[in-house]
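Worksheet: the structure to be examined is printed underneath.
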Amino acid sequence: MKLSKTLQAAVNDQIQKEYYSSYLYLAMSAYLEAQNLPGAAKWTRLQSQEELGHALKLFDHVVDRGGRVTLAALEQPPTEYGTALQLFTKVLEHEEHVTASIHKLYAAAVKDQDYPAQTLLQWFVTEQVEEEKNATQVVEQLKAVGESKTSLMLLDRHLGKRGE
C-alpha cells in the first residue's frame, strides 16, 4: 500500500520539523558551550543526534512505501537563549510543539486508514512521552537549583553523563 499524496506531504513536513529540531538543539549546544555548561551542551548535542534519527526514520518510511521525500529549507534557529532554565523551558515548549505535530500526523494516518504509518507513528507517540518527561525533569531540577552556581555546576556535571 502506497502512501497517499496527502499523507506523504504531511510526513515530509514532519521530516522537516525533525531536521529543524536537530538544528535547534545543535544551536542550543553551541550556546551552552559558550556559557561554560559542557554537560548541558552534551545533553542538547545528543538530543540533536536523536532528532536526526527521527527524521531518518520518517525518511526511510516514505522511501520504503514507494513515496518521494522532498526536503524543505530549515529556518535559522535562535542564537541567544538566556539562562539554562530559560533554555530548557524552550526545550520543553519545543517538545510539546513536536508532540502536537506527531498527534496531528497520526490522526491523518488514521483518517487515511494507513496502518503501516499508524504503526510507525505509534513509536513516535511513545517517544514524545519520553521526550517531554526528560525535558520536564531538567526544567524542574533547574528550578530547584535556583541561583546557586555550585548547584548549577553539579547539575551540569549530571547532565553531561547522558548517554554513558
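Do the sum for the chain: with -39,500 (n - 2.57) for every DSSP H run of n ≥ 4, divided by all residues, what is the mean residue ellipticity at 222 nm, to the nearest 500 deg cm²/dmol? Helices in the chain give a 222 nm mean residue ellipticity of -27500 deg cm²/dmol.
Placing a pseudo-label 7 Å from each Cα along the Cα-to-Cβ vector at T6 and H97 gives an inter-label distance of 2.6 nm. Taking Cα atoms only, the orientation of helix 5-34 departs from the longest principal axis of the chain by about 10 degrees. Extension gain for K143 to Q118 (0.36 nm times residue separation, less C-alpha to C-alpha distance): 5.3 nm. Each of P77, I15, H61 was placed along the dipole of the range 1-87 (beta-carbon charges, centred on the mean Cα), and the one lying farthest toward the positive end is H61. Separation of the alpha carbons by more than 18 angstrom is noted, of K90/K143; K2/K104; K5/K104; K17/K57; K90/K133; K17/K104, for K2/K104. When a/c reaches 1.5 or more, the comparison of a/b and b/c decides; with that in mind, is the range 75-164 rounded, prolate or oblate per its Cα gyration tensor? Prolate shape, in that a/c is at least 1.5 and a/b is the bigger ratio.
About its Cα centre, the range 111-164 has a charge dipole of approximately 320 debye under the convention of +1 per Lys or Arg Cβ and -1 per Asp or Glu Cβ, with nothing else charged. With the whole protein complex present, K143 retains an accessible surface near 120 Å², based on a 1.4 Å probe.
In the context of the full set of protein chains, residues of the chain present 55 Å² of accessible surface per residue (probe radius 1.4 Å, heavy atoms only).
Here's the picture: charge each Lys and Arg Cβ at +1 and each Asp and Glu Cβ at -1 in the chain, and of Q86, S4, V129 the one pushed furthest to the positive end of that dipole is S4. For the chain, the share of accessible area belonging to carbon and sulfur comes to 55 percent (1.4 Å probe, ligands and nucleic acids excluded). Model label sites at S151 and A73, defined 7 Å from Cα along the beta-carbon direction, differ in position by 4.5 nm. Computed from point charges on the beta carbon alone (+1 for Lys and Arg, -1 for Asp and Glu), the dipole magnitude for the range 31-164 about its Cα centre is near 180 Debye.
The values are calculated or read from the model by the stated rules, or taken from the named source; none is laboratory data. Owing to the predicted nature of the structure, the values given are computational and were not obtained by experimental measurement. All Cβ positions, glycine included, derive from the backbone under ideal geometry; neighbour counts span all protein chains shown. Protein only, heavy atoms only, side chains kept; ligands, DNA and RNA dropped before computing areas. Shrake-Rupley method; radii C 1.70, N 1.55, O 1.52, S 1.80 Å.
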